[in-house]
């Protein structure tokens, strides 16, 4: 069924719930994705709408951004320094620790760091993400396990405290040294954080 364009008031402002990208009625709550598209310079039907968008409109906007050459180059074209990598990882860890649940936008951030793409994913990076298996890092323990640095043992257990169910994960060296630790209400997020912290060790 065709989507109807959202009505506007006498000042030209959209009324009711509508897609920020196409201006039509409907759309799911997707603030992180819209923020990423805004930072990447995507075109919005309603730049003031910061919450709702249709999933297909988001995918279309990403594809359009992907036509811009500057966003399709992996880091291999200009390898960042260790300090730059650590700064990116520190910022990523902060986002993961603040999150209350996993989601595709977080998965894309992790994927971008892990594969050396810039974020938001665009062009060839989107194709790489779509074709890769186990990219749902923040909602799947199996996918999160792929982030553990090679050669490191993993210890993960769930503990219950007064705040409710909390998953505590540690990534340990063969000698038992803890390289990364995290506690989170979402098990996969806890593992993602611990695994990524181990890369800073």
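Check whether at least one residue in the stretch 75-86 is assigned to a helix (DSSP H, G or I), assigned by TED's automatic domain parsing to the domain that holds residue 183, modelled with pLDDT of 80 or more and under 18 Å from the mean Cα position of the chain (by Cα), and report yes or no.
no
I'd like to verify a number: residues in the stretch 129-138 that are surrounded by fewer than 16 Cβ atoms within 10 Å (Cβ to Cβ) and in a loop (DSSP other than H, G, I, E, B), how many? Steps first, answer last, please.
So the first thing to find is which residues in the stretch 129-138 are surrounded by fewer than 16 Cβ atoms within 10 Å (Cβ to Cβ), and the list is 130-134.
Cutting the leftovers down to in a loop (DSSP other than H, G, I, E, B) gives us 132-134.
Going through the stretch 129-138 one residue at a time, the tally reaches 3.
Identify all residues within the stretch 24-51 that are farther than 16 Å from residue 119 by Cα and buried (at least 20 other Cβ atoms within 10 Å of the Cβ); write none if there are none.
Listed by number, the residues that qualify are 27, 30, 49.
Return yes when residue 112 is over 22 Å from residue 39 (Cβ atoms) and not in a loop (DSSP other than H, G, I, E, B) and no when it is not.
Working: over 22 Å from residue 39 (Cβ atoms): no; not in a loop (DSSP other than H, G, I, E, B): yes.
So residue 112 does not fit the description; no.
Based on what the data block shows, is residue 9 modelled with pLDDT of 80 or more, surrounded by fewer than 11 Cβ atoms within 10 Å (Cβ to Cβ) and closer than 23 Å to residue 119 by Cα? Before you say what the answer is, go through the steps one by one.
Numbers: modelled with pLDDT of 80 or more: yes; surrounded by fewer than 11 Cβ atoms within 10 Å (Cβ to Cβ): yes; closer than 23 Å to residue 119 by Cα: no.
No, not satisfied.
Of all residues in the stretch 115-128, which are surrounded by fewer than 18 Cβ atoms within 10 Å (Cβ to Cβ) and in a helix (DSSP H, G or I)?
The answer is 115, 124, 127, 128.
I'm trying to understand the selection: among the residues of the stretch 40-52, which are modelled with pLDDT of 80 or more, over 14 Å from residue 15 (Cα atoms) and touching a helix residue (DSSP H, G or I) at 6+ places or on another chain (Cβ under 6 Å)?
First pass over the stretch 40-52, keeping only residues modelled with pLDDT of 80 or more: 42-52.
From the residues that got through so far, the ones that are over 14 Å from residue 15 (Cα atoms) too are 42-44.
Hit for the stretch 40-52 is 42, nothing else.
The values are calculated or read from the model by the stated rules, or taken from the named source; none is laboratory data. None of these values were measured; they are calculated from a predicted model. Note that we place each Cβ from the backbone using ideal geometry, even for glycine, and neighbour counts take in every protein chain shown.
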